[in-house]
1. Work out, in µm²/s and without decimals, the Stokes-Einstein translational diffusion coefficient of region B:344-424 at 20 °C, 1.002 mPa s, Rh from Kirkwood over C-alpha pairs.
2. Would you kindly calculate the translational diffusion coefficient of region A:2-114, applying Stokes-Einstein with the Kirkwood radius from alpha carbon pairs, for 25 °C and a viscosity of 0.890 mPa s, and quote it in µm² s⁻¹ without decimals?
3. Can you give the angle from 0 to 90° between the axis of helix A:74-104 and the longest principal axis of chain A, with both taken from C-alpha atoms, to the nearest 10?
4. Rounded to the nearest angstrom and ordered from largest down, what semi-axes does the equivalent ellipsoid of region B:418-496 get from its C-alpha gyration tensor (root of 5λ)?
5. By how many degrees, 0 to 90 and rounded to 10, does the Cα axis of helix B:160-191 deviate from the longest principal axis of chain B?
6. Expressed as an acute angle from 0 to 90° and rounded to the nearest 10, what is the orientation of the C-alpha long axis of helix A:8-26 relative to the principal long axis of chain A?
7. At A:MET53 and B:VAL432, where each label point lies 7 Å from the Cα along Cα→Cβ, what is the point-to-point distance in nanometres?
8. Using only atoms on other chains, find how many Cβ atoms lie within 10 Å of each Cβ of peptide B:145-156 and report the average.
Amino acid sequence: MTLVGLDLDYVACVVLFCVGLYMLVAKSNLIKKVIGLNVMETAVFAFIVTSGMIEGGQEPIVVAGSAPPYTSPIPHAMVLTGIVVAVSVTAVALALIAQIHAHYGTIEVDELKELP
Amino acid sequence: MTTLGPTLLPWLVALPLAGAALVPIVARRDARWAGGFTLVVALVTTSLASVLVAQLASQGPFSADLGGWAAPYGIELHFDRFAAWTMPLAALFAFVIPFSWRYLDAPLPRERWAPFYALMLLNLGGLLGFSVTGDLFNLFVTMEVVSLSSYALVAVAGRGVAAWAALKYLLLGAVSSLLVLFAVGLLFALTGSLNLADVSVRLAAAEPSGAALLALASLAVAFLVKAALFPLHVWLPDAHAIAPSPVSAVLSGLVVKVGIVGLLRVLQLAAGTGISLEPLNTVLMVLGATAIVMGAFLAIFQDDIKLMLAYSTISNIGYIVLGIGLASPFALIGAFVHVFNHGLIKVTLFLAAGAIIHQTGYRTLSDLRGVARRMPQTAAAMAIGAVSIVGLPPTAGFVCKWYIALGAFEADQGGYGFALVFGALFIFVYYVRMLDAFFFRSPVRPEVADAVEAPWSMRAPVLVLAAACLVLGVLGGIPIGFVEPAVVDLLAALGR
């Protein structure tokens, strides 16, 4: 679907990416920063999956009666691996935040900066 | 003999990764076994790497197709002269591991030893995978293996301040990894291939487009964050200073080089596309020269020796990036050699600093006055490392910095040659401060006045590495001869 010459799905990805980036940069709460990172990751995943889609494409499984065009399966495989990586990064980040909270009693960046 | 290379190549990556999975099992009965086992795995991997380098010398480049699917559709591991150039870095692991044996007594409880060594091996496996992969998506995956294990290693010694440093590192690192993933997706959409060689051929065949430029620019920025090039360095000083010393050595000496190797991959990809590399080279030269001066300038004000070494890494990454940006044969040879020599020198310095911190319990220059009286051998190693990193002959640092300076004049960019000398002066100032405090002041702390030399398992790696700094300075032709083929290949790809 296009809107004033732009692919609407790509525009949505860019908007989502910017929302995530804003959260990561502007929010003081560390968990919100990590969620912002996750939103950015989702935007990139959505972009990659979308890039493999074609208008009227079928699932790429060749059985009797199926005919081209097929959608590309490789972006799906890449995104699946990307999700695994993203989950691991999130897990490590949350573990670190738990340690920060246990030690300092806060997860707000502005309060952490004031500590000696 | 003919098929030995392709058969052995997957093991180069698989061995350390499998070793990492086995460490907790080996350590079940006694945590101390983990260290010995890790050293064995690191040594076997290093010997494997040297066999592969020998195979390359006798038969030329070779590749292995994983899972039996041929490139460009299957996943390919590729061992060429470029990959061979990064192999000596892996050998440094074999020095860091025995140093960790006794060092870990102080900062880590026994039950955390197995995770520590497992993470070290994961890191090694990721680094080797990153060097030999011929696949764009695997480049991302191996980079993430390196990054994730690095985040965890920074925080491994516990306590809140380490977790905070690790999280700052993670947030910036994750954004740069995301840029790499975005670029990989974009390049796949543009070319329909993930094989590095194939992508660069197809990019060259296609019309130069804005999307290709966007993909290559994202890759370049992402790798410059990983390399901690000024002003993208903000995550580095805390993470490298707060981590346990063996981890600092690995992060500063090896892990930042992932960014450099990645940057060179981007240059190879971009070479045939018709996209002009001039703007990128100018940016690299300006930022490289700024990093040299700013890194060294900020290091002058540090009292903590590890923080000082971390800022020195920022300045030295500047040298490497400046060399790449100048893109003349001499400058590239200097930059390539400095990737290894800086690794060697920085591992020496961080391990020597670690030995001093372990024996005295202090880490600032003002507390460590006069430490050379009680620990003469470690302090001497530190002095050799310091002279090397300043770049004075006859040490390892002189060779590369001399070549980069020659390269600046060769590329008709003499001004950058002066930036380089100016940076070296700053670096000289802060290492003189350190040597003055260690050698010519009287101890102010009783722990320093009564300190004893570190145990041999810590002292031996430091002394051998310091000796290597001298040997590679006197015999500077050896590393230059080793990297020359890789530089020739890169220059041919760049069409110069």
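Laboratory data are not the source of any read-out in this text; all were calculated from the coordinates shown. Just so it is clear, the structure is predicted and the values come from calculations on it, not from any experiment. Note: ideal-geometry Cβ built from the backbone for every residue, glycine included; neighbour counts use all protein chains shown.
1. Using the Kirkwood radius from Cα pairs, D works out to 151 µm²/s.
2. 148 µm²/s
3. 10 degrees
4. Square roots of five times the eigenvalues give 39, 21, 10 Å.
5. Taking the Cα atoms of chain B, the angle to B:160-191 is about 10 degrees.
6. So the helix axis and the longest Cα principal axis differ by about 10 degrees.
7. Going from the A:MET53 label point to the B:VAL432 one covers 6.5 nm.
8. Mean partner-chain Cβ count within 10 Å for B:145-156: 2.
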